Amino acid sequence: MTPEYRINAETQIKSYLLRNDIAGIKNMQVERTFNDFDSEVHVWNVRTTNGNWWIVESEDLPMSLYTQNDFYFSADEAYSFHLGIIQRLNSRDQKNFSHIIAELPLDIDYVKSISRRLNKAATTLNDVKGPEDIQAIGLTCRESLIELARVLAQENPDLIERNNLKVADFKGITKSIIEMYAHGSSNSKVRKHCRDVMEAAWENSSEVVHSSNKNIPDAKICLLLTCTAVSLIQNLFFKYIGFDNEPKCPECKSLNFRISSKENSNAMVFNCNECNYEEDISVTE
């Protein structure tokens, strides 16, 4: 370890500890050095007013923090634990990065371009080389939110004009859209939760874009918040056009039912598949 590397590493460790609300460093020193990744991996023994910690760092691997307070890891154990996490990230988690937004369907025609963009950003998590790659993912998320605002503005020009909003005003436009799609006192909590998500997605993408200290989990969080914001707008639209007015069984409230025609009659028959409730439904011509 060169003197220059030591000085830089100590600076990074101090910053890393501060981000984890750990201050008051009494002493720090390299306890062990390993060479299992074609580069040196150092285990630092750091003593602070907040307790004692192992810091594992190298030039090519993420920095990690392990407490010595509850169970005293040796330097070898701290390194082995860190090695296991890195191997899991490389062999399993990164293979799944392209699927992290699979549970958030982005199917409406006018956001398919956003869907493609976000899926492409998810796959780039497999090949992150440095902070600039994380920042690029944050930028993709921010651009996707701006595109969503633009599409909503095009679809609702009267609403945009009435509220004196600009096309790129993501927070202003989504707030107005939420008010329109989830109107009424019964949806007041839904509106608040949705506004909070929009705010979080926008602010988080900005943080990731402008910070050089973010890591892969930060990029995943940014993507998930962005996808959630887009998916929420879609599902609020479904509420707006009446999808939440689907019939339910009057007895057990189940949505699992079938409606069949009744012979020699204009009536239909409602049959609940859960509780077997049955009711005639008249059809008005």
Q) Out of region 38-90, which residues are within 22 Å of residue 21 (Cα to Cα), among the β-branched types (Val, Ile, Thr) and either crowded, with 18+ Cβ neighbours inside 10 Å or at pLDDT below 60 (or both)? A) 43, 46, 55, 56
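When the residues of region 183-217 are filtered to those that are within 11 Å of the chain's Cα centre (by Cα) and surrounded by fewer than 17 Cβ atoms within 10 Å (Cβ to Cβ), which remaining residue is modelled with the highest pLDDT?
At the first step, the residues of region 183-217 found to be within 11 Å of the chain's Cα centre (by Cα) are 197, 200-201, 204-205, 217.
From what is left, the residues that are surrounded by fewer than 17 Cβ atoms within 10 Å (Cβ to Cβ) are 200, 217.
Numbers: 200: 95, 217: 88.
For region 183-217, the residue satisfying everything is 200.
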Q: Take region 127-149 and flag every residue that is over 16 Å from residue 205 (Cα atoms) and loosely packed, with under 14 Cβ neighbours inside 10 Å.
A: 127, 129, 130
Q | Residue, surrounded by the most Cβ atoms within 10 Å (Cβ to Cβ), within region 111-126, restricted to residues that are within 12 Å of residue 219 (Cβ to Cβ) and either among the acidic types (Asp, Glu) or over 15 Å from the mean Cα position of the chain (by Cα) (or both) | A | 124
Q. Taking region 1-55 on its own, how many of its residues are within 33 Å of the chain's Cα centre (by Cα), of a type in the set (Asp, Glu) and assigned to a strand (DSSP E or B)?
A. 0
Q. Restricting attention to region 235-272, which residues are at pLDDT 75 or above, of a type in the set (A, V, I, L, M) and closer than 30 Å to residue 152 by Cα?
A. 236
Q: Could you run through region 159-203 and say how many residues are closer than 30 Å to residue 135 by Cβ, touching a residue at least 40 places away in the same chain (Cβ under 8 Å) and not hydroxyl-bearing (Ser, Thr, Tyr)?
A: 5
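The values are calculated or read from the model by the stated rules, or taken from the named source; none is laboratory data. Quantities reported herein were computed from a predicted structural model and do not represent experimental measurements. A quick note on method: Cβ atoms are made from the backbone with ideal geometry, for glycine too, and the neighbour counts reach across all protein chains shown.
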